[in-house]
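Visitor: Let me give you the structure first, and then I'll get to my questions.
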């Protein structure tokens, strides 16, 4: 159950790209984005809540008492909370990491509203140079797509190295498809999803421009290849909605 106190997360609507901009700045997780992030993520990422809740269920299956769990790129802590809620009857440590101070400040405030948020520790850190403790589960939920592509294999190698035997890694990503016709179809389905959630064509176009240089997408095959190269013995897409997937890998 959530605590009954006067702390609430911002319910601001995402209007960042609603008006035509003379200059479209590169997308960053700054104060303005953090203020509208709950609205932005739920209206932009198909099945975001379902994926988060599914990660919580997987965590309950693979983690026992004493487990250490990492949520890398935790943003406002949605996945950390889903895991903590699912593991309320287990003694675990959940560590959320993000490199955006604006996100971290709001995340700490947000998770304090939930009794099961007490299991979660939020720290500031760069995904490409983390010292991870030996752990049972690591999650990157729509995070790796914002990491320089040249650094992604090293990030996955580090995650693999610090997982305990039979530990799990869950990565969710927006992906591209190698067949151009299929890729364009998936993009249009995603854009329709955003339109259905109230975004205008102007908002869709301007945000896409803002993301072009910072969100570099890979194919599912590329992700699976990296996981194999790191040493994961099993990896499989466990959830897909249009061009958004979540992959489960076991050490």
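Visitor: Once you have the Cα-Cα distance between residue 184 and residue 214, take 0.36 nm times their residue separation minus that, and quote the gain in nm to one decimal. Could you put the intermediate results ahead of the total?
Guide: On the way: separation 30, 0.36 × 30 = 10.80 nm, distance 2.01 nm.
That works out to 8.8 nm of additional length.
Visitor: Compare the peptides 214-224, 85-95, 169-179 by average per-residue count of other Cβ atoms within 10 angstrom and give them in order, highest first. Intermediate results must be reported in sequence, preceding the final value.
Guide: Numbers: 214-224: 15.6, 85-95: 17.4, 169-179: 19.9.
Top of the packing list down: 169-179, 85-95, 214-224.
Visitor: Further question on the same structure: At 37 °C and 0.692 mPa s, what whole-number value in µm²/s does Stokes-Einstein give for the translational diffusion of the range 122-178, with Rh from the Kirkwood sum over Cα pairs?
Guide: Details: Rh = 12.2 Å.
Diffusion coefficient, whole number: 268 µm²/s.
Visitor: Once you keep just the Cα pairs under 8 angstrom separated by 6 or more residues, what percentage relative contact order results for the chain?
Guide: Details: 447 pairs, mean separation 55.2, N = 251.
Across the chain, relative contact order equals 22 percent.
Visitor: Between residue 157 and residue 221, how high is the FRET efficiency from 1/(1 + (r/R0)^6) when r is the Cβ-Cβ distance and R₀ = 25 Å? Nearest 0.05.
Guide: Working: r = 18 Å, r/R0 = 0.74.
So the FRET efficiency works out to roughly 0.85.
Visitor: Can you tell me the equivalent ellipsoid semi-axes for the range 13-129? Use √(5λ) from the Cα gyration tensor, largest first, whole Å.
Guide: Details: eigenvalues 163, 46, 29 Å².
For the range 13-129, the ellipsoid semi-axes come out as 29, 15, 12 Å.
Visitor: Still on this structure, please answer the following. Measure of size requested: the Rg and Dmax of the range 31-250, with Cα atoms as the atom set and Å as the unit; please supply both.
Guide: 16.8, 49
Visitor: Continuing with the same structure: If we count other beta carbons within 10 Å of each Cβ, what is the order of 23, 119, 207, fewest first?
Guide: Numbers: 23 4, 119 22, 207 19.
The fewest-first ordering by Cβ neighbours comes to 23, 207, 119.
Visitor: What FRET efficiency comes out for the pair residue 32/residue 121, r = Cβ-Cβ distance, R0 = 25 Å, nearest 0.05? Intermediate results must be reported in sequence, preceding the final value.
Guide: On the way: r = 26 Å, r/R0 = 1.05.
FRET efficiency, residue 32 to residue 121: 0.40.
A short reminder: the numbers here are calculations on the coordinates, not readings from a lab. Bear in mind the structure is a predicted one, so any value in this text is a computation, not a measurement. For neighbour counting, all protein chains shown are included, and Cβ atoms are generated from backbone atoms with ideal geometry for every residue, glycine included.
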